[in-house]
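Colleague: Below is one structure. I have some questions about it.
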Amino acid sequence: MVGAIVTQSTNWHNVERAMANVKQACALSARTMARLRPSVLRRLIRPSGYFTQKAARLKTFSRWYVARYGASPRRMFRTEPWTLRQELLGLPGIGPETADSILLYAGQQPVAVVDAYTRRIFRRHHLAEGDEPYEVIQRFVMDRLPEDPKVFNEFHALLVAVGKSYCHRRDPECDQCPLGEFPHHVEETHA
Ligand code: SF4
């Protein structure tokens, strides 16, 4: 859950560095993080960028998690997933992608995650315009896959792998890409 917040607007390598600092300081537990001085938390997650905003979000999230669910993942993920999603979206700095990452990756709930890679690959493969509201693309995915967290997890991981390795914003490597055999169209000027 901490990773889902720290990974906002950065790459996983930076997240790993920030998470290593947090672990080394034994500050990964919600109760510890809720008590940690903001300046200390900012220093620990500095490698992830936007560390002031993220530290504030982590503080708010950890306090909420302790107060609402007693820092118990079992209690938290007993909540009906779409109800929990609404609760998460009510917290500052938690948008749909972060909320769904928490539900899917931390809670193994059957909820699809949509990210920039999903939008780009879907747009280039004529599955979406790419700028639809988040929930429209999420529904598109969920209507077509079995309602199984393992499937949503793998699907998202594969899109991230294709996005990172081949489907670059500029100069995508369609010749090498495993999706290259499917109809696609690359518009260089789009993100
Ligand atoms: S075939 Fe090209 S457009 Fe399609 S996912 Fe691969 S790199 Fe992107």
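Colleague: Consider the stretch 172-186. How many of its residues are in contact (Cβ under 8 Å) with a residue 12 or more places away in the chain and more than 8 Å from the ligand (Cβ to nearest atom)?
Modeller: 1
Colleague: Return yes or no: is ARG123 open to solvent by 20 Å² or more (accessible area, probe 1.4 Å), farther than 17 Å from GLN8 by Cβ, of a type in the set (D, E, K, R) and in contact (Cβ under 8 Å) with a residue 40 or more places away in the chain? Break it down into steps so the answer makes sense when it comes.
Modeller: Working: open to solvent by 20 Å² or more (accessible area, probe 1.4 Å): yes; farther than 17 Å from GLN8 by Cβ: yes; of a type in the set (D, E, K, R): yes; in contact (Cβ under 8 Å) with a residue 40 or more places away in the chain: yes.
Yes, satisfied.
Colleague: Only residues that are within 8 Å of the ligand (Cβ to nearest atom) and touching a helix residue (DSSP H, G or I) at 6+ places or on another chain (Cβ under 6 Å): list them for the stretch 145-171, please. Quick ask: steps written out before the conclusion?
Modeller: Our first condition is that a residue be within 8 Å of the ligand (Cβ to nearest atom); within the stretch 145-171, this holds for 162-163, 166-168.
Answer for the stretch 145-171, where residues must be within 8 Å of the ligand (Cβ to nearest atom) and touching a helix residue (DSSP H, G or I) at 6+ places or on another chain (Cβ under 6 Å): GLY163, CYS167.
Colleague: How many residues are aromatic (Phe, Trp, Tyr), closer than 20 Å to THR7 by Cβ and open to solvent by less than 30 Å² (accessible area, probe 1.4 Å) if we restrict to the stretch 29-76? Steps first, please.
Modeller: Of the residues in the stretch 29-76, the ones aromatic (Phe, Trp, Tyr) are 50-51, 61, 64-65, 69.
Now narrow it down to the ones that are closer than 20 Å to THR7 by Cβ: 50-51, 61, 64-65.
In the following step, the residues that additionally are open to solvent by less than 30 Å² (accessible area, probe 1.4 Å) were identified as 61, 65.
Summing the residues that are aromatic (Phe, Trp, Tyr), closer than 20 Å to THR7 by Cβ and open to solvent by less than 30 Å² (accessible area, probe 1.4 Å) in the stretch 29-76 gives 2.
One line per residue, one yes/no per condition, for (1) among the hydrophobic types (A, V, I, L, M, F, W, C); (2) open to solvent by less than 20 Å² (accessible area, probe 1.4 Å):
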position	(1), (2)
ILE102	yes, yes
GLN108	no, no
ASP115	no, yes
PRO133	no, no
VAL136	yes, no
VAL141	yes, yes
ASN153	no, no
GLY163	no, yes
PRO183	no, no
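Colleague: If you check ARG85 against the conditions, is it buried (at least 16 other Cβ atoms within 10 Å of the Cβ), more than 16 Å from the ligand (Cβ to nearest atom) and within 27 Å of ARG68 (Cβ to Cβ)?
Modeller: yes
Colleague: Identify, please: which residue in the stretch 91-100 is of a type outside the set (A, V, I, L, M) and crowded, with 20+ Cβ neighbours inside 10 Å and is, among those, farthest from TRP12 (Cα to Cα)?
Modeller: The selected residue is ASP100.
The values are calculated or read from the model by the stated rules, or taken from the named source; none is laboratory data. As the structure is a prediction and not an experimental result, all values here were calculated from the model. No Cβ is skipped: glycine too gets one built from the backbone with ideal geometry, and neighbour counts run over all protein chains shown. All accessible areas refer to the heavy atoms of the entire protein, side chains included, with ligands and DNA or RNA removed. Shrake-Rupley method; radii C 1.70, N 1.55, O 1.52, S 1.80 Å.
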